[in-house]
1. How high is the relative contact order of the chain, in percent, with contacts defined as C-alpha pairs under 8 Å that are six or more residues apart?
2. Relative to the first principal axis of the alpha-carbon coordinates of the chain, what is the inclination of helix 143-156, with its axis defined by its Cα atoms, in degrees from 0 to 90 and to the nearest 10?
3. Arranged by the count of other C-beta atoms within 10 angstrom, fewest first, what order do I133, I243 take?
4. Taking the Cβ-Cβ separation of Q110 and V164 as r and a Förster radius of 30 Å, what is the calculated FRET efficiency to the nearest 0.05?
5. Quick one: net charge around V241, please, counting Lys, Arg +1 and Asp, Glu -1 for every other residue with C-beta under 11 Å from its C-beta.
6. Find how many whole Å separate the alpha carbon centroid of segment 192-245 from the alpha carbon centroid of segment 255-297.
7. State the antiparallel share, in %, of DSSP beta bridges confined to the chain, rounding to the nearest 5.
8. Counting other C-beta atoms within 10 Å, which of R35, R142, R18 has the fewest, and how do the rest follow?
Amino acid sequence: MFENLSERLGGVFDRLTRQGALTDADVATALREVRTALLEADVSLPVAREFTKRVQAKATGQHVTKSVTPGQQVVKIVHDELIAVLQGEGPADALKIDNPPAAILMVGLQGSGKTTTTAKLAKRLKDRQGKRILLASLDTNRPAAMEQLAILAAQVGVDSLPIVAGQTAVQIAQRAKTQASMGGYDILMLDTAGRLHIDEVLMSEVQAVRDIAQPRETLLVVDGLTGQDAVNVAAQFDGQVGISGVVLTRMDGDGRGGAALSMRHVTGKPIRFVGLGEKVDALEEFDPERVAGRILGMGDIVALVEKARETFEAEQAERMAKRFAKGLFNMNDLKTQLDQMLKMGGMQGVMGMLPGMGKMQKAAAEAGMDDRMLRRQIALINSMTKKERANPDLLQASRKKRIAAGAGLEVSELNKLLKQHRQMADMMKKMGKGGAMKQALKGMM
Ligand code: GDP
């Protein structure tokens, strides 16, 4: 489904992973190629741009883990970003089809594969969830389309609403609804009429049907081969009708696949299923992780980096716990902790993860202990020399002045930091004697 993109990216990363050391320029070059490959796959420009920007940002503050090359790490970052862009804010929920009869409205342009997809989805819900399903075609302009749905329904073994000539789409929807409740169906799927282009007549008809049917789900079927057009169509349908998800058809072809990557970002709506052929069982749930894996085709490297990272984190936690237990907690250690906190969403994020910290979280917010403070503290530590970081006892008045000035802050801020450091060092020493410390550190890596 993403052969071309996959091949292009494969080429870029093969070159990258074969190099021992990577410079920023190597990464930048590779990312330029990634961007070109995305654009050629018809991913929209803002999405491609944002994608490479995020990979770049993550690739520059990387810990370099033993046993993994920088190129391999970049592959893992790209893999994670692919999942993120495919998945959007969070994983798509399952279809809302409890409380029968639930209506599913199928919308889309003519030729997108809407009727076929309706039958495919009906088959899937019947076979996998044992649902009783009624299909109804609302395509009053094309009697052939109504018959096509009836034939497909029989083929997949679900019922279809008898065709009555001369009724409007709204009348058919009404009749279908009554039939669905009286007949004890779990799901009513309404296959709305399509047009070649979005026009007002089509939209107002779909809106009228929607108001009668009160659908639990409104699924837009779009042709994945049409790339950015598919995304534009989705944005328009969503604006005018409101959609709950997208089905991308014809993803079996060697199409460019860009629609899959732009859809969530541009429309905010999840891709629910992909059509992978003309047959009635050629429908697959859309799984961002699997799709990202297919696009990149570098599962081994991703697994390798994950494993290496786990090992690295465990070792680092162990090392730190040992140091703390001996009472060694210098400014570098504090900086590591502060960096981790920032990475985890600041003080708020860290405290939110610890049980019973709700109250402290509030108090911390009130005391102004937020991300800005973390950043100021990190700036102060950055302004210290190596020696000073290793041994904060060196810090006398003149050094303090220099450090504060270097960070653009007052000496009083530095004093606060030093006090906090002493308290933390004491606490770390106490805690370090028990095993809890190692676990806590590991959780924070
Ligand atoms: P509608 O006008 O939107 O209802 O489109 P149809 O359901 O009639 O489909 C139009 C054509 O596309 C038919 O020949 C289908 O077999 C074909 N089609 C639908 N979905 C897919 C798909 O996922 N892959 C492929 N290769 N063909 C598909």
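1. 17
2. The angle comes out near 70 degrees.
3. Arranged by neighbour count, lowest to highest, I133, I243 become I243, I133.
4. Here the calculated transfer efficiency is 0.85.
5. -2
6. Here the answer is 18 Å between Cα centres.
7. For the chain, the DSSP antiparallel bridge percentage is about 10.
8. The most exposed by this proxy come first: R18, R142, R35.
Throughout, read-outs are computed from the coordinates displayed, never taken from laboratory work. On a predicted model such as this, the values are computed, not experimentally measured, just so you know. Backbone-built Cβ (ideal geometry, glycine too); neighbour counts: all protein chains shown.
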